[in-house]
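The values are calculated or read from the model by the stated rules, or taken from the named source; none is laboratory data. Fair warning: this is a prediction, and the values are worked out from it, not measured in the lab. Ideal geometry is used to build each Cβ from the backbone, glycine not excepted, and the neighbour counts take in all protein chains shown. The accessibility values were calculated without ligands, DNA or RNA, using every heavy atom of the protein model including side chains. Shrake-Rupley method; radii C 1.70, N 1.55, O 1.52, S 1.80 Å.
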Amino acid sequence: MIIPSDEIVDKSYIKDYEKLYHDIQEHPEAFWENIAKELSWFKPWNKVLEWKYPYARWFVGGQCNIVNNALDRHQKTAVKDKLAYIWVGQPFDSAQGKEMPVRKFTYGELNTEVCKFANVLKSLGVRKGDRVTIYLPRIPEQYISMLACAKIGAIHSVVFSGFSADALKNRIMDAQSKIVITTDKYPYKDKVLDSKKTVDEAIKDISSVKDVILIKRLKSEAADSNGFQPASPKLQRGEPISTGLNYHWYHDLMSQADTICSTEIMEATDPLFLLYTSGSTGKPKGILHGHGGYMVGVYLTLKYVFNLDSQNQPVNQATSQPGNNSIDDIYFCTADGGWITGHSYIVYSPLINGATTFVYEATPDYPHPGIWWELIQKYKVTKFYTAPTAIRALMRLGDEIPNKYDLSSLKILGSVGEPINPEAWLWYYKTIGKEKCPIMDTWWQTETGMFMITPVPSANLKPGSAFKPFFGVEADLVDDKGNSVPVNTQGFLVIKKPWPSMLLDVYNNPKKYLETYFENESINNQQLTKNNQFLYFSGDSAKKDDDGYYWIIGRNDDVIKVSGHRLGSAELESAFVSHPSVAEAAVIGKPDEVKGEKIKAFVILKKGIQGSDELKTELVKQVRKMIGPIATPDEIDFVDKLPKTRSGKIMRRVLKAQELGQPLGDTSTLEN
Ligand code: WTA
């Protein structure tokens, strides 16, 4: 057990987790209502929570806009001149030389950029409820685009820049986006990636897309280096110009845009964004989040868990204590804006909290494997939030590298995305945090929007455990009948009460929403369903120990977590099968020391085709083409048969047990 210092407890918003958790648990709605009152609303709600199986709606009747809280509100206070972002770009051999570009935005400057871009979107005909796809690398325009969409009530759909043209196409098609925002080219380590080419390929056959906006990340490249002639129309405010497909330079549009733009009034339950994520079956799901509840949930969680210095004067003295945190917090989150961590905890929550966020464009090993530590030293980072896969990769390189840097500015460390093993936890704690920074191992999901199981800085920690549920969150571990399991027993991790930032729906697919999260086939509890009781099925398994600490084991469905990236077995299998030589494929995740899990595929080839190393290489290429480099398979076995149920479903569980030399479990449904 690791006990926090008095100083940490002293500076924490939360001093006594247990007491507060239990007090709140009796009236979670009153708790969230009080938190919501710390934020700005155009119109107050009539009802805090409306639960109509299977949908929970928060702050019903309330009107707000998350951007009103993230930006507008700060324009009238001293926060206006505070830095919202410090962005450091990767070094790249160009006209800029080997220097690493730095861009800083105060809240005032960020607001101006967002207003301008919101006007640009409006001038291209984007209206409330329209979808906009953002396919950008880790540059500030990724955040500016998201905020501009939210400001005018458009729904953003950010697609991670590591996805291929095919993956991008599926996501644009499902969302029926009007606009795609990308770069012409951007640096990735010592390469230049051509994202315009990827977008061109992706939108070839999609008629919904009317405009493509290109951001110039590499200033020195000739404007028309690939024969591209951007249209630079003279824009009139509010006048749509698009007929057919138009390409525009971001900087051209921005140079003519007005700096004033009003923020759209939204219902609390109106959609804010779509974010595609992998599930256990077929195509990725568009997880839909809204303005009001999401804003309340993300705001509070980061503030309490990272002791974020906040500009909001709490109205509820029982839960918050103002003014005891340093106003010099520099919060460094290493996530990409393309994932939920970037949405909630680089864009929305830090801005609502009036914090200064630090972002680095490149990977932790570029240009050298001490770059994160160098940046922490240089920018005096106080809060650092990253993923176990990165910690394990950096740990392997030894202590000498981090020991070269002064990391004494650090106060709190965080982890997200996959279970952190105790060895990596302890290395992070000792070598990076010098045994004075508590580690916040935050368990949550794209669907939950906010931290669900997480420590607070004043908690006693056990290396490898994500501690206990956040305030107002009721978690439990259940068996396949939906009954709670005893302590120290593995169970399905479920949530038993609605929380404000939970997903609104699966976009275009309410059936999937119902079947994935409420009537999941793993839990066969007719009673709960009949009674319309709330029981959200997370898809993870976990154990709880005698002290009530949660130990997350991992996914119990067919989702694979590779370096924290969420991939579906079915999605990977269909990528394999799209190769002309493949008849059938089954994909499992295998434990990997650095990546958490790696991809192993079992492939049945078509009659007459011989397996070879060349073919394996081709298959790897095919999967990278269909999904992207994050989905690169590690092992491929050519086989004659796959274990299947009598109804023809592949039993990946059996393959995995066989592969890992574990007992096969119940094989009564096995056909062969
Ligand atoms: C896993 C990422 C253990 C889990 C925010 C979950 C974790 C999935 C943790 C969601 C953690 C996330 N410990 N496992 N602290 N955080 N996970 O949607 O399996 O990309 O279901 O959201 O990541 O992944 P997603």
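For a quick check: with amide H placed at 1.01 Å from N, whose amide H comes under 5 Å from Asn556's, ignoring anything fewer than 5 positions away on the same chain?
Asp540, Ser541
Spelling out what I want: for every residue of segment 58-73, take phi, set θ = phi - 60°, compute 6.51 cos²θ - 1.76 cosθ + 1.60 (Karplus), and round to whole Hz; glycine and proline get x.
Values, residue by residue: 9, 6, 5, x, x, 10, 6, 8, 4, 6, 4, 8, 6, 10, 3, 4 Hz.
Whenever you get a sec, line up Tyr299, Tyr405 from highest to lowest accessible area (probe 1.4 Å, protein heavy atoms).
Tyr405, Tyr299
Place the peptides 447-454, 561-568, 150-157 in order of packing, highest mean first, counting for every residue the other Cβ atoms within 10 Å and averaging per peptide.
447-454, 150-157, 561-568
Just add up the charged neighbours of Gln63: K/R +1, D/E -1, any other residue whose Cβ is under 15 Å from the Cβ of Gln63.
+3
Pairs to check: Lys15/Lys462; Lys283/Lys511; Lys189/Lys383. Give those whose C-alpha atoms are more than 22 Å from each other in this structure.
Lys189/Lys383
Under 4.7 Å Cβ to Cβ, no partner at all: give me those cysteines from the chain, in residue order.
Cys64, Cys149, Cys333, Cys437
Per-residue HN-Hα couplings for segment 595-610, Karplus 6.51 cos²θ - 1.76 cosθ + 1.60 at θ = phi - 60°, whole Hz, x for Gly and Pro?
Calculated HN-Hα couplings, in order: 7, x, 9, 10, 8, 10, 10, 10, 10, 9, 8, 5, 3, x, 9, 9 Hz.
Between Gln176 and Ile265, how high is the FRET efficiency from 1/(1 + (r/R0)^6) when r is the Cβ-Cβ distance and R₀ = 25 Å? Nearest 0.05.
0.55
Rounded to the nearest whole Å², what accessible area per residue is found for segment 563-672 with the 1.4 Å probe?
Averaged over the residues of segment 563-672, the accessible area is 51 Å².
Stretch Trp551-His251 to full length: gain in nm at 0.36 nm per residue minus the Cα-Cα span?
Extending this stretch completely gives an extra 103.2 nm.
Which of the three applies to the chain, rounded, prolate or oblate, going by the alpha-carbon gyration tensor with a ≥ b ≥ c and a/c under 1.5 meaning rounded?
Note, shape of the chain comes out rounded.
Under the rule a/c < 1.5 gives rounded, and otherwise a/b versus b/c splits prolate from oblate, where does segment 563-672 land using the Cα gyration tensor?
oblate
Can you order the peptides 342-355, 100-113 by their average number of other Cβ atoms within 10 Å per residue, highest first?
Packing order, densest peptide first, comes out as 342-355, 100-113.
Just add up the charged neighbours of Lys512: K/R +1, D/E -1, any other residue whose Cβ is under 12 Å from the Cβ of Lys512.
Neighbour charge sum, excluding Lys512 itself: -2.
Can you give me the long-range amide H partners of Leu605? Hydrogens built in the peptide plane at 1.01 Å from N, cutoff under 5 Å, separation of 5 or more residues or another chain.
Under 5 Å from the amide H of Leu605: Ala583, Val639.
Quick one: Cα centre-to-centre distance for segment 510-579 and segment 469-506, in angstrom?
One Cα centre to the other: 11 Å.
Within segment 552-586, name every residue whose backbone N is under 20 Å away from a label modeled 7 Å from Cα of Ile609 along the Cβ vector.
It comes to 569-586, nothing else.
Near Lys641, which lysines are there with a Cα under 19 Å away, not counting those fewer than 8 places off in the same chain?
Here the lysines satisfying the reach criterion relative to Lys641 are Lys600, Lys606, Lys607, Lys616, Lys649, Lys656.
According to a simple spin-label model (label point 7 Å from Cα along Cα-to-Cβ), what is the distance in nm between Ser409 and Lys380?
For the pair Lys380/Ser409, the computed spacing is 0.7 nm.
How large, in percent, is the carbon and sulfur part of the accessible surface of the chain at a probe radius of 1.4 Å?
Answer for the chain is 49 percent, counting heavy atoms of protein chains only.
Short version: ³J(HN,Hα) in whole Hz for each residue of segment 630-637, in order, from phi by Karplus 6.51 cos²θ - 1.76 cosθ + 1.60 (θ = phi - 60°), x for Gly and Pro, what are they?
So the J values, rounded to whole Hz, are 5, 9, 4, x, 9, 9, 10, 10.
Expected output is a single nm value to one decimal: the length gained when fully extending between Asp205 and Glu18, i.e. 0.36 nm times separation in residues minus the C-alpha distance. What is it?
61.8 nm
Lys37: which lysines have alpha carbons under 16 Å from its alpha carbon, excluding same-chain residues fewer than 8 sequence positions away?
Lys47, Lys303
Go through 457-465, 130-138 and give me the packing order, highest mean Cβ count within 10 Å leading.
Result, highest mean first: 130-138, 457-465.
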